[in-house]
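Novice: Sharing a structure, written as structure tokens. Questions coming.
The values are calculated or read from the model by the stated rules, or taken from the named source; none is laboratory data. Values in this document were obtained by computation on a predicted structure and should not be read as measured data. Each accessible area value is taken on the protein alone, full model and side chains, heavy atoms only, with ligands, DNA and RNA left out. Shrake-Rupley method; radii C 1.70, N 1.55, O 1.52, S 1.80 Å.
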Amino acid sequence: MGFIAFLKTQFIVHLLIGFVFVVSGLIINFIQLCTLVLWPINKQLYRRVNCRLAYSLWSQLVMLLEWWSGTECTLFSDEATVKTFGKEHVIIILNHNFEIDFLCGWTMTERFGVLGSSKVLAKRELLYVPLIGWTWYFLEIVFCKRKWEEDRDTVIEGLKRLSDYPEYMWFLLYCEGTRFTETKHRISMEVAESKGLPKLKYHLLPRTKGFTTAVQCLRGTVSAVYDVTLNFRGNKNPSLLGILYGKKYEADMCVRFPLEDIPQDEKEAANWLHKLYQEKDALQEMYNQEGVFPGKQFKPPRRPWTLLNFLFWATVLLSPLFTFGFGVFASGSPLLILAFLGLVGAASFGVRRLIGVTEIEKGSSYGNQEFKKKE
């Protein structure tokens, strides 16, 4: 094991990376709070500023994937489609099977210059998660309770507000509503059977309301829907902790659908989505058998900005931390040393809790609701 590889496995290094992310995030959130005064004066300036502030935080996670772990992401598509990336507003449909699927999506948004302006339809609980939810709030992310009767007006209003967004945005939808697990899949297929819908082998039954509403509200703003199916070579199931330990993965992403192919009628659009997921299932079966997606392979080059941004924050924040820590131990005061160690322990706990947000086994119980209703 080389020295760099050894460093990647050390807890103290992980703690320092977490410290930089958390403290820089709190600073960024404070600056975002201050930018609220811009909203009534110049809404578009407020949005552009917050896109760059969000980029400064999210790119640190992308840096871990691209530079720290060296994970490779390969696109399978056609050249004409790839040429449009980062040059239009789009809706992204992504399968929700892995702990770091969002991170693979982010690395693609970064490489095509839309990381800071990327959007998502997120569960409302995330709004209260420090750094993640707070940053999304200032980015005008659309939050929902996943109860359509309560969400309808909020979601429609939030989507329509994005119609004049000044920077190209990729709006991410996890149509399955929750991460794939065997239990949720079994329940989902029982629902599919009860509704007379074809069963899926590798996906949960898609929830159509969020998709059809997004298409209706953003039609005229977005130019296309990108259907993305993500897999990892070698049948690996990566985690954010694995990335933090420097484990390298190889992600394959198959992409597109132009928006004009999607019917305007809500019921027909819902049927279109169900058909799409049957095709995604067939695509997954092909990948499992052949180890590759159809289409030409593209490897968009990683950019240096994520690494430079992290090095900036590390320089700004770690220098005073080391100076302070050295002063504490040099003082010889047991009380100060214990207080400092307690602070380190609290920081470690906080970082671990943030990582826990991505873990599949700690995901929501959403996906069992339809089954409970049926019973």
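Novice: In the chain, what percent of the accessible surface is made up of carbon and sulfur (1.4 Å probe, ligands and nucleic acids excluded)?
Specialist: 61
Novice: Roll a 1.4 Å probe over the protein chains and send me the accessible area per residue for the chain in Å².
Specialist: Numbers: 17950 Å² over 375 residues.
That works out to 48 Å² per residue.
Novice: List the equivalent ellipsoid semi-axes of region 224-303 in whole Å, largest first, each obtained as the square root of 5λ for an eigenvalue λ of the Cα gyration tensor.
Specialist: Gyration-tensor ellipsoid for region 224-303: 29, 15, 13 Å.
Novice: Next up: Taking each pair of distinct Cα atoms in region 34-174 once, what is the resulting Kirkwood hydrodynamic radius in Å?
Specialist: Kirkwood radius, region 34-174: 16.1 Å.
Novice: A further question follows. Given the convex hull over the Cα atoms of region 256-297, what projected area results after averaging over all orientations, in nm²?
Specialist: Details: hull surface 13.6 nm².
The number I arrive at for region 256-297 is 3.4 nm².
Novice: Provide the three semi-axes, in whole Å and in decreasing order, of the ellipsoid equivalent to the chain as defined by the square roots of 5 times the Cα gyration tensor eigenvalues. Spell out each step's value before the answer.
Specialist: Working: eigenvalues 262, 116, 92 Å².
That gives 36, 24, 21 Å for the three semi-axes.
Novice: Per DSSP H run of at least 4 residues, take -39500 (n - 2.57); add these up for the chain, divide by its residues and hand me the 222 nm value, nearest 500 deg cm²/dmol.
Specialist: -17000 deg cm²/dmol
Novice: If the chain between N235 and S223 were fully stretched, how many nm would it gain, using 0.36 nm times the residue separation less the Cα-Cα distance?
Specialist: 1.0 nm
Novice: Can you give me the C-alpha center-to-center distance between region 1-60 and region 147-171, rounded to a whole angstrom?
Specialist: Comparing the Cα centres of region 1-60 and region 147-171, I get a distance of 24 Å.
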